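Any read-out appearing in this document is the output of simple, stated calculations on the displayed coordinates, not a laboratory observation. Please read these numbers as outputs of a predicted model, since none were measured by experiment. All Cβ positions, even for glycine, are placed from backbone atoms using ideal geometry, and neighbour counts span all protein chains on display.
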Amino acid sequence: MLELRHVSKSFSGIPAVSDVSFTARPGQVTGYLGPNGSGKSTTIKMITGLIEMTDGEILFQGERIQRDPIAYKQRMGYVPEEPHLYAHLTGLEYLTMVGQLRNLPEKRTAERIDGLLRLFYLHSDRHVPISSYSKGMRQKILLSAALMHNPELVLLDEPFSGLDVGSALVIRSLIQELAARGKVVLFSSHELETVERVCSHIVILHRGKIVADDSIERLRTLMALPTLEDIFSQLAVEQDTAAISREIADLILT
């Protein structure tokens with residue numbers, strides 16, 4: 001179980017995340033949503049240990065992640081929003097390097113890498129430099145690197161970026177499969193339709209603070225709204241989107 005307790009983060013005295021508390025449990029996919037600038041990516045970077053909290057604590061399986069950060073990161077798989085990779089390496093070389101850095105058994109890791117490359121339709125390009133890969137191909141390399149050590153905690157920040165429809169369907173099903181096999185999955189995305197299909201529980205962040213933390217079904221019932229998009233619009237979108245769209249249309253069509 002991943003647990004955030006009163007987590008806050010400020011930059012130069014300006015709060016980016018304020019008193020955030022929520023729990024992501026094994027066996028379910030927890031969606032983490034928020035408009036741009038809401039503090040969503042900052043929260044995920046604190047969970048990964050990439051940046052430090054100003055206040056609060058983060059626990060995984062009941063232990064503070066700072067207690068043994070190396071052991072914690074060995075149990076975590078992370079797909080960042082931007083696919084920053086060593087572009088001069090081939091896909092095979094990059095995944096092999098990740099396996100070596102994680103000190104994984106060589107033979108078993110080689111078999112797992114070969115399987116991942118085949119299942120993600122990257123095997124024929126395994127000896128091609130990543131610099132020649134499309135964004136979707138790079139995203140699949142990142143996913144492979146995040147999962148190859150069988151992590152207990154899976155953090156996904158916009159994992160569908162650049163994926164074609166077929167690959168997106170596979171990844172969507174994979175996320176649900178990982179949760180069904182007992183992983184703790186935290187999934188952050190702007191694609192509300194995908195979140196609604198994949199996640200059983202959602203946390204919505206607005207201006208650095210949590211405005212919803214519940215199952216989608218309960219939120220639909222409590223707010224009497226039919227879709228996650230409607231719920232998100234009411235809780236976390238301040239502008240009148242219909243009015244703005246009419247003004248833009250009037251501006252360009254007159």
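Determine the alpha carbon to alpha carbon distance for each of LYS9/LYS73; LYS45/LYS183; LYS40/LYS73; LYS107/LYS135 and list only those over 26 Å. Where the Cα-Cα span goes over 26 Å, the pairs concerned are LYS107/LYS135.
Peptide packing for 193-202, 65-74 was compared via the average number of neighbouring C-beta atoms within 10 Å per residue; ordered from the highest value, the list is 193-202, 65-74. If the Kirkwood radius is taken over C-alpha pairs of the chain, then at 25 °C and 0.890 mPa s the Stokes-Einstein diffusion coefficient equals 126 µm²/s.
On C-alpha positions alone, give me the angle between the axis of helix 91-101 and the longest principal axis of the chain, in degrees, nearest 10. Relative to the chain, helix 91-101 is tipped by roughly 90 degrees. Based on the convex hull around the alpha carbon atoms, the range 1-86 presents an average projected area of 6.5 nm². Find the centroid of the Cα atoms in the range 104-129 and in the range 151-202, then give the distance between the two in whole Å. About 21 Å separates the Cα centre of the range 104-129 from the one of the range 151-202. Over the residues of the chain, the helix contribution to mean residue ellipticity at 222 nm works out to -12500 deg cm²/dmol, using -39500 (n - 2.57) for each DSSP H run of at least 4.
Radius of gyration (Cα atoms) of the range 85-150, expressed as a multiple of 2.2 N^0.38 Å: 0.98. Angle of helix 165-180 to the longest C-alpha principal axis of the chain, folded into 0 to 90 degrees and rounded to 10: 90°.
Using the Cβ-Cβ distance between VAL128 and GLU177 with R0 set to 25 Å, the FRET efficiency from 1/(1 + (r/R0)^6) comes to roughly 0.30.
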